[in-house]
Every structure is written in structure tokens, then in C-alpha cells.
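Some notes on the structure that comes next.
The values are calculated or read from the model by the stated rules, or taken from the named source; none is laboratory data. Because the structure is predicted, anything quoted here is derived from the model rather than measured. Here the Cβ positions follow ideal geometry from the backbone for every residue, glycine too, while neighbour counts run over all protein chains shown.
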Amino acid sequence: MKFLLDDQTLFKNLEIFDNDFVPEELLYRDNQLKSLEMCLKPALKGSKPLNALIIGTTATGKTTSVKCLFKEIKEQSSNIIPIYINCQIYNTHYKIFSEIHKIVLGYSPPTSGISQSDLFDRIFSSLAKKKKILLIALDDSDSLFTANSMVIYDILRSHEIFDNLKSAVWCISQKNKMYLADDKVRSIFSPVIIEYLPYKFKEIVEILVKRAGLGLYNNAISRESIETIAEQSFDLRNAIESMKKAVLLAEADSVKAVQRKHINSVFNIEDKEKNQLEKVILANLKNPIESGDLYKKVEHIANNYTKFYRTLEKLQQSEKIRIVPISKQKGRSSLISIKR
């Protein structure tokens, strides 16, 4: 039966596709996680953690990495208080310290009638008294190196006022903007810099496959559909959201698997564009040509070799082209020609 009943769904767990979902296993970020664990290690021995500056473009796993690690800290250590703060939401010195106050002391401070210095004293005197180590992650922190750089300074200088107090700051930012900060902020911060590069196409595909396995029932989406979504998406976050939308469209049609029309709808792809790459490939086959040379001619449309090769296979299966393997001095290639 190819159609869903009214009470059926393709989702095992819809939350798997939420932006704030934190997976048990974070793929392709082993080196970055090891660097973060190195920064954390002193705290596990009762000492001050290392400061860190975590940089990279959007949707590269920066925030998810920190949240994964903070989740482990909460489960395994009662001596470390990890606090995650989004500086787009808490965008002033007072708002940031109010959020720290709420987590450390268990309640929000008054919205008025309390100075920043009193707020500071309440937070860090409590930490010193309880002998807790404070680890704060400041996400979207680009502005902290200009307008609010004293936030970092005030947190890290707390040990000068309260004996045996240990605290560290992890800033999550798109770029390294430390050069914009005050000299004394740069001096006291001195972070370990951890860089996150954009995910490669194959990595995005495998992450989507993993999410589909966790969040969808078997055969709800094919690998080919996942690869198409990865090709059309501009980053991992967009790819995950687009897969979710495609599955919801399939559900709305009461079918048991995502179809190409659902993906086309998500990305607003018109039917006439579906075979654009096929047409361009065929137009460049007036004479037999090696696969590598052909790819160079169509790369601006194919975007990646996987999509190009898959299109060649489709054309071969429909008997529109002939693919003949050839040997070369530097490896193997294929000779592509029109099948007449």
C-alpha cells in the first residue's frame, strides 16, 4: 500500500529536525570536540578551564558541539556550572549577567533597583562560597569584542575579588574579531582558537541520512532524495529544515515516501528545470569526450561530481549515451558519447 491512512505518519520523532536538537553523536567534528575537551580538562581536575574562541560560518556545528559537551558536564560533574547564553537575545551587559544570576542562584534578579556591581557580587560570592567552577559559552558573540567586551573582562577578573574562584569564557563567533577588543580584554581572555569549516557535500548527506534514520520510519525518504536536498541546500541547517518540509509535504499527499515533486516544491524548482543538466550534457556530446573534460564543461550547472556522475548513469540507463571505460597513464577514465 503506497498511501498513508489518516492516523499514520512518516515521522518517528519530529523533534529530531528541530534547530535546537542535540544529537548523541556529532559527525565530522572529532578534532574540534577534542580541542573543546582539552579546554575543559583542567576543570575536571578542580582547576580553571581554558578560554576558547570558537569560530566558523553558520550551521557548521559550533553551537551543537558546545551544547553536547555541556550536556555531558551536567550529567557527570556537580562542581562545574556550564551556562550557555545567546548574545543575540541577551544583548547587553546587564541582560547577560541577569541570565547568569538566574542559573547560578536559581532565580531572576529584580528588573530594577539593583546595580551591575551588586549583580556581579551576588553571582560570584555564591560561586566562591559553593566552590563551583563557572564555564560560560557566549554564542553569537561578535558584538562582544566591540560594544560589550567588558562582559568577558568582568567574568574573568572575578578571581581577583573572590578567593579560589575559577571561571572561563567560550565565545562562539563567525569570525575572529579579537583585534577589536580592548587590550586588557585580549590579555585576560587569551583563548584557544577552534575553527569550524563548512561541511562538505558528502558530510551533509551522511548527517541527513543519520537524522532520517533517527526521525523517520524506514523508506520514508530515499538516499537519492537526500542527496538532491543536500545539493539544493546552502548549508546543513537549511538541508535539515528542507528535508523536514519535504516529508511534511509527502504526508500531506498521504504517500509513504518523499517524491521528487515534494523536493521541487520545497526549493521552488520548476518542472522545466529538472532535466537542465541532462540537456547541457547532451549538447556537449557532438563528439566523444572524456568524462573529466565533460565535467569541466558542465560544472557550473552540476555543482558537484556526484550529481554529474549520477546524471550520466541515468542517461546511460535510458540508452541516450554510451559510457566506455578507458585506461590512462594516470588512472582510469571514461569516454562519453551519444548512443546512435
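State whether one or more residues within the range 1-23 are assigned by TED's automatic domain parsing to the domain that holds Asp139, more than 26 Å from Ser233 (Cβ to Cβ), without any contact (Cβ under 8 Å) to a residue 24 or more places away in the chain and not hydrophobic (A, V, I, L, M, F, W, C).
Among the residues of the range 1-23, not one is assigned by TED's automatic domain parsing to the domain that holds Asp139, more than 26 Å from Ser233 (Cβ to Cβ), without any contact (Cβ under 8 Å) to a residue 24 or more places away in the chain and not hydrophobic (A, V, I, L, M, F, W, C), which makes the answer no.
Out of curiosity, is Lys41 surrounded by fewer than 18 Cβ atoms within 10 Å (Cβ to Cβ), assigned by TED's automatic domain parsing to the domain that holds Phe124 and modelled with pLDDT of 95 or more?
Against the criterion (surrounded by fewer than 18 Cβ atoms within 10 Å (Cβ to Cβ), assigned by TED's automatic domain parsing to the domain that holds Phe124 and modelled with pLDDT of 95 or more), Lys41 qualifies.
Among the residues of the range 212-235, are any of a type outside the set (Gly, Ala, Ser), modelled with pLDDT under 95, in contact with a Phe, Trp or Tyr (Cβ under 7 Å, 6 or more places away or on another chain) and surrounded by fewer than 22 Cβ atoms within 10 Å (Cβ to Cβ)?
yes
When you check Ser108 against the structure, is it among the polar types (S, T, N, Q), under 29 Å from Gly46 (Cβ atoms) and at pLDDT below 95, yes or no?
It is false that Ser108 is among the polar types (S, T, N, Q), under 29 Å from Gly46 (Cβ atoms) and at pLDDT below 95.
Of these, Glu251, Glu290, which one is among the acidic types (Asp, Glu) and farther than 30 Å from Asn13 by Cβ?
One residue alone meets the criteria, Glu290.
Give the residue, chosen from Leu50, Leu119, that is in contact (Cβ under 8 Å) with a residue 60 or more places away in the chain and touching a helix residue (DSSP H, G or I) at 6+ places or on another chain (Cβ under 9 Å).
Of Leu50, Leu119, the one residue that is in contact (Cβ under 8 Å) with a residue 60 or more places away in the chain and touching a helix residue (DSSP H, G or I) at 6+ places or on another chain (Cβ under 9 Å) is Leu50.
Among the residues of the range 184-202, is there at least one that is touching a residue at least 60 places away in the same chain (Cβ under 8 Å) and farther than 18 Å from Ile55 by Cα?
Yes, there is a match, as at least one residue in the range 184-202 is touching a residue at least 60 places away in the same chain (Cβ under 8 Å) and farther than 18 Å from Ile55 by Cα.
For the range 230-283, how many residues meet the condition of being over 24 Å from the mean Cα position of the chain (by Cα), of a type in the set (S, T, N, Q) and under 25 Å from Lys296 (Cβ atoms)?
Number satisfying all stated conditions: 2.
Scanning for something crowded, with 21+ Cβ neighbours inside 10 Å and in a strand (DSSP E or B), does the range 57-68 turn up at least one residue?
The answer is no; no qualifying residue exists.
Go through (1) part of a helix (DSSP H, G or I); (2) of a type outside the set (Lys, Arg); (3) at pLDDT 95 or above; (4) under 19 Å from Tyr84 (Cα atoms) for Leu208 and report which single condition fails.
(4)
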